[in-house]
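Participant: First the structure, which I've put down as structure tokens, then a few questions once you've had a look.
The numbers here are math on the coordinates, done by the rules we state, and not lab data. Note that the coordinates shown come from a computational prediction; the quantities given were computed from them, not determined experimentally. Don't worry about glycine lacking a Cβ; one is built from the backbone with ideal geometry, like all the others, and counts go over all protein chains shown.
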Amino acid sequence: MKQIDKKQAELKELAQKGRISRRDFMAKAAAMGVTVAAATTLWSDNVKAAPKRGGKARIGSAHGNTTDTLDPGTFNNGGIIHQGFGMRNHLTEVNNDGSLIPELCEKWEASDDATEWTFTLRKGVEFHNGKTLDTNDIIASMNHHRGKDSKSAAKPLLAPVKELKADGPNKVVFKLSGGSADFPFVVSDYHLAIMPADKEGKVDWQSGIGTGAYAVQKFEPGVRSTFKRHPNYFKAGRGHFDEVEFLTITDVVARTNALTTGEIDMMSRCDLKTVHLLKRRKGINVEEVTGTLHYTIPMHTDVAPFDNNDVRMALKYALDREVLLKTILRGHGVVGNDHPISTANRFHNGDLPQRKYDLDKAKFHLKKSGLSSISVDLSAADAAFVGAVDAAVLYKEHAAKAGININVVREPSDGYWSNVWLKKPWCMVYWGGRPIEDMMFSQSLAEGADWNESHFSHKRFNELLVAARAELNEAKRRAMYYEMQEIVNMEGGTVVPLFANYVFASSDKITHDKKMAGNWDMDGDKAIERWWFK
């Protein structure tokens, strides 16, 4: 019976993807014992649900910088990430239901101790320039981030890789310095896109050539990019638009107006103050997904006064997170607890007491640091997230009652990610989060990581990071990740006030699968691949 159900599901999928004629569908259904009437209904329902190909999709993104490049190692905002997913593919992919599935590989296998991972590549995958994907492309693309002089943000993710080699014409083997139970998740990271290799084993990132659903036609970073559908895209049922125009519109009012007037077909990051009004607009669909998105306020822990943990604790207690949840997110999220692991993650420490606004504790820690009052600058722009400047102003008001003077520095939105983040000692930031704890910790808190935004350095934390990555016993891994969250909560240099839902909108002419990914904005930043016109 299970085998019949499986075959019927496969038949439905063929119909949905337009890969079988009605005549063949009816014949196969009859062979399974399905009546003519039932088969007719199945065919009708599934063909109606089938994605339609065609049209030009115009997307308005809240993020994008004039300093963006097509080098995936430099990607640092949602706008360029979304474009990157459209141009290129990865060995694995976080599906729209949150599961990990093969993308450029057919399957993966691990040694018993998870120190060796073998990926078998799909055959016949074609780059935009007609080149056929092979093992050299995988190796060169990974080595692009591993070099001694590499500045890629993915460098710490691949640091455990001690050897990378081909095993025959269609297998790639990663040998690690220690076990990594979730390594297939690592290679799904948006930085680790696969690009064509040249004869010297280097990659061509400048052209934007990939195996993705769309080939770049024009790239104006932080302004406008245009794409055309790759005619030989290997994924059935994906990449439906003929053309895509990607516009960076950082101002939320301008972005909303563009959608309501029909200048764009979809937009990221709705204005939560007015989203209830947008929902009433005829012809507009507003949607919301819970995931790992969180807002951070990192302090450089090697710069005074943030090098004193009591100052950091005072600042953590001096913020009313509940007020931010109500005013900035309008309830579209939950309060954070000064670590980056969300309730959507597998090893979220729900036992850790929730930090609350407490002026007495803020004053206590400030006094313990040897100070009776303090004055600090906090950089902010709505490029960080919609409402970031308002959140900073509210923080200023909350902290003033504890003798903490916060000077809100309003930074330009353009260039915020290249000129402010990682440069200024205290600023407003957003993180899309990561599907596994190891990726989140390795990129944002590991000592020496390029994106260690607080310059956090903690011996025990770094020991646990390596140990947890290799631990195959789930109970032991959980205990390690729980302890790491506690360390960051008590000694880290980052205030994490909120976990936000992704709230985005589109014309009602746009549709998609019922399930949408929550690992990034707009269906895992894959709307241009996964969505279509009705």
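Participant: How much net charge surrounds Met480 when only other residues with a Cβ under 15 Å from its Cβ are counted (Lys, Arg +1; Asp, Glu -1)?
Facilitator: Its environment carries a net charge of -2.
Participant: What are the residues whose amide H is under 5 Å from the amide H of Leu498, where those residues sit 5 or more places off or on another chain and H is modelled from the backbone?
Facilitator: Tyr295, Gly336
Participant: Output the pairs from Lys131/Lys151; Lys228/Lys423; Lys12/Lys155; Lys171/Lys424; Lys107/Lys423; Lys56/Lys175 with a Cα-Cα distance over 32 Å in this structure; if there are none, say none.
Facilitator: Numbers: Lys131/Lys151 28 Å; Lys228/Lys423 36 Å; Lys12/Lys155 42 Å; Lys171/Lys424 44 Å; Lys107/Lys423 41 Å; Lys56/Lys175 43 Å.
Correct reply: Lys228/Lys423; Lys12/Lys155; Lys171/Lys424; Lys107/Lys423; Lys56/Lys175.
Participant: If you keep only loop residues by DSSP, which trypsin sites (Lys or Arg not before Pro) in the range 280-319 have at most 12 other Cβ atoms within 10 Å of their Cβ?
Facilitator: Numbers: sites: Arg280, Arg281, Lys282, Arg312, Lys316; in loops: Arg280, Arg281, Lys282.
Answer in residue order: Arg280, Lys282.
Participant: Do any trypsin sites (Lys or Arg not before Pro) in the range 359-432 lie in a loop, going by DSSP, with at most 14 other beta-carbon atoms within 10 Å of their beta carbon, and if so which? Mind showing how you got there, number by number?
Facilitator: Details: sites: Lys361, Lys363, Lys367, Lys368, Lys396, Lys401, Arg410, Lys423; in loops: Lys401, Lys423.
Listed in order of number, the matching sites are Lys401, Lys423.
Participant: Further, regarding this structure: Working only with C-alpha atoms, what are the Rg and Dmax values of the chain, expressed in angstrom?
Facilitator: 24.2, 83
Participant: Oh, and also: Cβ neighbours within 10 Å, averaged per peptide: list 102-111, 25-34, 436-445 in order, most packed at the top.
Facilitator: Values: 102-111: 16.9, 25-34: 15.1, 436-445: 24.2.
In decreasing order of mean packing, 102-111, 25-34, 436-445 become 436-445, 102-111, 25-34.
Participant: To the nearest 20 debye, what charge dipole does the range 294-500 have about its Cα centre, counting +1 at the Cβ of each Lys and Arg and -1 at the Cβ of each Asp and Glu?
Facilitator: Numbers: 24 positive and 26 negative charges, 85 e Å.
That gives a dipole near 400 debye.
Participant: Work from the charge dipole of the range 233-364 (Cβ charges, +1 for Lys and Arg, -1 for Asp and Glu, about the Cα centre) and give the residue of Val303, Leu315, Thr343 farthest towards its positive end.
Facilitator: Thr343
Participant: Right, here's the next one. How many angstrom lie between the Cα centre of the range 255-275 and the Cα centre of the range 435-487?
Facilitator: 38 Å
Participant: If amide H atoms are built 1.01 Å from N in the plane of the peptide, which residues on other chains or at least 5 residues away come under 5 Å of the amide H of Arg224?
Facilitator: Those lying under 5 Å, H to H, from Arg224 are Thr248.
Participant: Next question, about the same structure. Restrict the search to the range 134-190; then list the trypsin sites (Lys or Arg not before Pro) that DSSP places in a loop and that have at most 16 other Cβ atoms within 10 Å of their Cβ.
Facilitator: Numbers: sites: Arg146, Lys148, Lys151, Lys162, Lys165, Lys171, Lys175; in loops: Lys148, Lys151.
Qualifying residues, ordered by number: Lys148, Lys151.
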